[in-house]
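The values are calculated or read from the model by the stated rules, or taken from the named source; none is laboratory data. Keep in mind the model is a prediction, meaning the values are calculated, not measured. When we count neighbours, we look across all protein chains shown, and the Cβ atoms used for this are built from the backbone with ideal geometry, even at glycine. Side chains are part of the model used for accessible areas, which takes the heavy atoms of the whole protein and leaves out ligands, DNA and RNA. Shrake-Rupley method; radii C 1.70, N 1.55, O 1.52, S 1.80 Å.
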Amino acid sequence: MITTHAAIEGNIKRYRRGELIVPSDFRGKGSENAIKKALSRLAAEGTIRRLGHGLYILPKKDSLFGEVLPSIEDIASALAKKEKVKIKPAGAFALHKLGLSVQVPTKLVYLTDGNGRLIKIGRNTIRFKPTTPKKMAFRGELSGLIILALEELGVDQIDETTAKKLGGLLLNENPAMLKHDLKLASAKVHDFLIKLNSVK
């Protein structure tokens, strides 16, 4: 009878380099405890690389740089895909995505229609924060990010310079998308954006 370790090792050989690996990938290959032990052992053997609790990867190899790991954002996106949930950047991370913060955040906060979760990867953290369907319904690539940033941070935290930049970004949004997203925003964020001279 094939062991859980051997079954998982055989499965992993079919994974693509750079692909994320989680214990739920191997349900049916053994008990949860056996699966976790097998993954831990494979990581110790160097077959896979442990990124964080219950999170592994089959790392890409580069002749010059050795192991090449994905970015934290790529890990978050891959994890959401694995768990079949939607995620949207929020708060300070959303401002960074808009190019309004030069500092690369070490704490990535995403709103999600799935379960809450905190993943630590080295000095970085990824937080999946459950939210309402309404907040997941923003359609605009720019307006959605702006509204989610403002609703997490609060409009009182936005200085005049940043406000002007936000207004300029909204000029690049599809008017229909902007109109749709403004209807979903909280009253405070809605009024804040409407007052910007660049928002008609």
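Observations, loosely collected:
- Karplus 3J(HN,Hα) series, Hz, for segment 161-170 with 6.51 cos²θ - 1.76 cosθ + 1.60 (x for Gly, Pro): 5, 5, 4, 5, 5, 5, x, x, 5, 5
- Thr161, Thr125, ranked by accessible area, largest first (probe 1.4 Å): Thr161, Thr125
- Arg127 exposes around 110 Å² of accessible area when a 1.4 Å probe is run over every protein chain in place.
- Relative to the dominant Cα principal axis of the chain, helix 32-45 is inclined by about 80°.
- Between Ser31 and Thr47, the modelled labels are 2.0 nm apart [label points 7 Å from Cα along Cα→Cβ].
- For segment 1-102, the spread of Cα positions along each principal axis, largest first, Å: 57, 35, 20
- Charge dipole magnitude, Cβ of K and R +1, D and E -1 - segment 29-77, Cα centre, debye nearest 20: 280 debye
- Cα-projected label distance for Arg123 with Ala187, points at 7 Å along beta-carbon direction, nm: 4.4 nm
- Rg over Rh, two decimals, segment 1-43 (C-alpha only, Kirkwood Rh): 0.93
- Annotation note: chymotrypsin sites (Phe, Trp or Tyr not before Pro) in segment 1-94 located in DSSP loop regions with a Cβ neighbour count of at most 15 within 10 Å are Tyr15, Phe65.
- Lys86 versus Leu171: modelled label distance in nm, points set 7 Å from Cα along the beta carbon direction: 3.0 nm
- Gyration tensor (alpha-carbon) shape descriptor, segment 94-177, a/c threshold 1.5: oblate
- In the context of the full protein assembly, Thr162 retains an accessible surface of approximately 30 Å², using a probe radius of 1.4 Å and ignoring ligands and nucleic acids.
- Antiparallel content of DSSP bridges confined to the chain, in %, to 5: 75 percent
- Segment 29-80 and segment 82-125 have Cα centres separated by 20 Å.
- Segment Phe65..Tyr15, full-extension length gain: 15.9 nm, with 0.36 nm per residue of separation and the alpha-carbon distance subtracted.
- 28 Å Cα-Cα threshold exceeded, pairs from Lys29/Lys97; Lys37/Lys97; Lys36/Lys82; Lys61/Lys135; Lys88/Lys165; Lys82/Lys107: Lys29/Lys97; Lys37/Lys97; Lys61/Lys135
- Look at the alpha carbon pairs under 8 Å that are at least 6 residues apart: their mean separation over the length of segment 149-200 gives a relative contact order of 51 percent.
- Percentage relative contact order, the chain, counting C-alpha pairs under 8 Å, at least six apart: 14 percent
- Cα-based convex hull volume of the chain per residue, rounded to whole Å³: 146 Å³
- Cβ-based charge dipole, the chain, positive-most Cα from Gly30, Val109, Thr47: Gly30
- Segment 132-200 shape via C-alpha gyration tensor axes, a/c threshold 1.5: oblate
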